[in-house]
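Before any comments, here is the structure.
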């Protein structure tokens, strides 16, 4: 049986491997539990978007912002084995 921290780590590893997401971009959005699985929702910067920072690093002039679009994915992690059994697209409200 895996605990919640291990389930989150497995979901992140799966996202990095399968979606080729930079691990630094992953944010934990939600965790739910059922009898048989952990449901871990992660977000990351939407693929295909370009992001540029001002060359001097002044955040006032940065094109990147906290309002960047993010993709949401939910990962079903088996509580007994730790295996990621599925990934679901989540539509933001």
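Return the total of residues in the stretch 14-38 being assigned to a helix (DSSP H, G or I) and either touching a residue at least 60 places away in the same chain (Cβ under 8 Å) or within 8 Å of the chain's Cα centre (by Cα) (or both).
Count: 4.
Out of the residues in the stretch 2-12 that are assigned to a helix (DSSP H, G or I) and without any contact (Cβ under 8 Å) to a residue 24 or more places away in the chain, state the one that is surrounded by the most Cβ atoms within 10 Å (Cβ to Cβ).
9
When only residues in the stretch 39-83 that are at pLDDT 90 or above and in a loop (DSSP other than H, G, I, E, B) count, which is nearest to residue 14 (Cα to Cα)?
Ranking the candidates gives 83 first.
The values are calculated or read from the model by the stated rules, or taken from the named source; none is laboratory data. Predicted, not measured: the structure shown is a model, and the values here were computed from it. Here the Cβ is made from the backbone with ideal geometry for all residues, glycine too, and neighbour counts use every protein chain on show.
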